[in-house]
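S.K.: One structure coming up, written as structure tokens, with questions to follow.
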Amino acid sequence: PRAEARAALRPTRRAAAMGVVTRAQLIAGGLHQSTVRRRVANGTLHRLLPGVYSTEPADYRRRCDAVLLWKPDAVLSHDTAAWWWGLLDDEPASVHATVPPTGTAGGPSWVRVHRRLLTDVRLLGETPLVSPEHAILDLATTLSRPDFQLVIDRASSPKIQWRALAALCDEAGGKAGMRVLREELRRACPGTLSEAERLLARTLSARSFRMEINGRVGPYYGDLVCRRARVIVEVDGREFHSAGAVFTNDRKRQNALVLDGWLVLRYSVATVPATPDAVADEIMAVVRRRRSLTRGRHRPGASSST
């Protein structure tokens, strides 16, 4: 189809702009094969893959372009697609690409070629990638569980369509990584603002005990909120002990919440990572106790006195 043909040309134009070219392009530009070999030998041309060269030392993006020129039917996938979509901060050690089931794998150590049928391919600029949702599914097979949890929790809703991810779970069936993905979707804690908050929310979630993350209470926000128990959990950093204005405003905020009937539990950013289970135990005990008191006040015939 014409659309597919046009899409296939895009990586070629981008690669050329990055100085990544094929042997056929070099020869079409007037170079003789012996000249290509001589430039590779003297370091003015860098051989990246069979029949693919770079006029500059190869960074990760150039390696990606080289793979797409080497295998024109390839789509960047797994860790590589996740990095392009901004789901991973660090460049992966390898370039991951997926080709149709009839394609061939192999290649140097820095390339990992996967074979499977892809039905959802996107273009980011001129770079063909699996969808962000499919990249997350792939990461479930390549990352450690803690690293995968971090990806799930940091994935922002504009970038990841959670309904599409859930639909992918239904479609993929017994695909590798599906069990891990399903578990982590149930336990996901997106929206936390610090690693200590994320760790605490994850510890509670692992016990099937959820609290609202960054919940709004009047003009304020709480790190973790249970509206039914009227409990707010705050994980405080060093600024609350060092910056005078922040310390003062925080005390005004806490007083306003307490006067409005909220219980505010505070833990330091050092305490949570050191004893996450003990902190979670205390929070759960307090929230459950206050929930039970709320049920007692609303039972028929219960006294209205406090």
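Each value in this text was obtained by applying a stated rule to the coordinates, not by laboratory testing. These figures come from a predicted structure and were not determined experimentally. With ideal geometry, Cβ positions are generated from the backbone for all residues, glycine too; neighbour counts draw on all protein chains shown.
S.K.: For the range 169-294, give me the percentage of DSSP beta bridges that are antiparallel, rounded to the nearest 5 percent.
M.R.: Values: 8 of 14 bridges.
Within the range 169-294, antiparallel bridges account for around 55 percent of the total.
S.K.: Right, here's the next one. Can you sort THR141, THR203 from fewest to most other Cβ atoms within 10 Å of each residue's own Cβ?
M.R.: Least to most surrounded, the residues fall as THR141, THR203.
S.K.: Got a sec? How would HIS78, HIS32 order by Cβ neighbour count within 10 Å, fewest to most?
M.R.: Values: HIS78 24, HIS32 10.
Fewest-to-most Cβ neighbours within 10 Å comes out as HIS32, HIS78.
S.K.: While we're here: Of all DSSP beta bridges located in the range 71-188, what percent are antiparallel, nearest 5? Walk me through the numbers before you get to the answer.
M.R.: Working: 6 of 12 bridges.
So the antiparallel bridges in the range 71-188 amount to around 50 percent.
S.K.: Moving to a separate point now. Spin-label point model (7 Å from Cα, Cβ direction): what's the TYR221 to THR119 distance in nm?
M.R.: Those two pseudo-labels are separated by 3.8 nm.
S.K.: Using a ≥ b ≥ c from the Cα gyration tensor of the range 177-238 (square roots of the eigenvalues), is it rounded, prolate or oblate, where a/c under 1.5 gives rounded and otherwise the larger of a/b and b/c decides, a/b for prolate? Before the final figure, lay out each step's value.
M.R.: Working: a/c = 2.39, a/b = 1.74, b/c = 1.37.
It comes out prolate by the Cα gyration axes.
S.K.: Follow-up. What dipole magnitude, in Debye to the nearest 20, does the range 71-188 give about its Cα centre under +1 on Lys/Arg Cβ and -1 on Asp/Glu Cβ? Please list the in-between numbers first.
M.R.: Working: 14 positive and 15 negative charges, 67 e Å.
Value, rounded to 20: 320 debye.
S.K.: Still on this structure: Along the charge dipole of the range 191-298, pointing to its positive end and built from +1/-1 on Cβ of Lys, Arg, Asp and Glu, which listed residue (SER208, THR294, MET284) has its Cα farthest out?
M.R.: Final value for the positive-end residue is THR294.
S.K.: At 7 Å along the Cα-to-beta-carbon direction for both ALA188 and LYS252, put a label point, then send me their distance in nm to one decimal.
M.R.: Spacing of the two 7 Å Cα→Cβ label points: 3.8 nm.
S.K.: Where in the range 251-272 does the amide nitrogen come within less than 20 Å of the point 7 Å from the Cα of ARG207, taken along Cα to Cβ?
M.R.: 263-272
S.K.: Let me ask you something else. Quick check on the range 191-298: take the gyration tensor over C-alpha atoms, sort the square-rooted eigenvalues as a ≥ b ≥ c, and tell me if it's rounded (a/c under 1.5), prolate or oblate.
M.R.: Numbers: a/c = 1.93, a/b = 1.14, b/c = 1.69.
Taking the square roots of the gyration eigenvalues as a ≥ b ≥ c, the range 191-298 is oblate.
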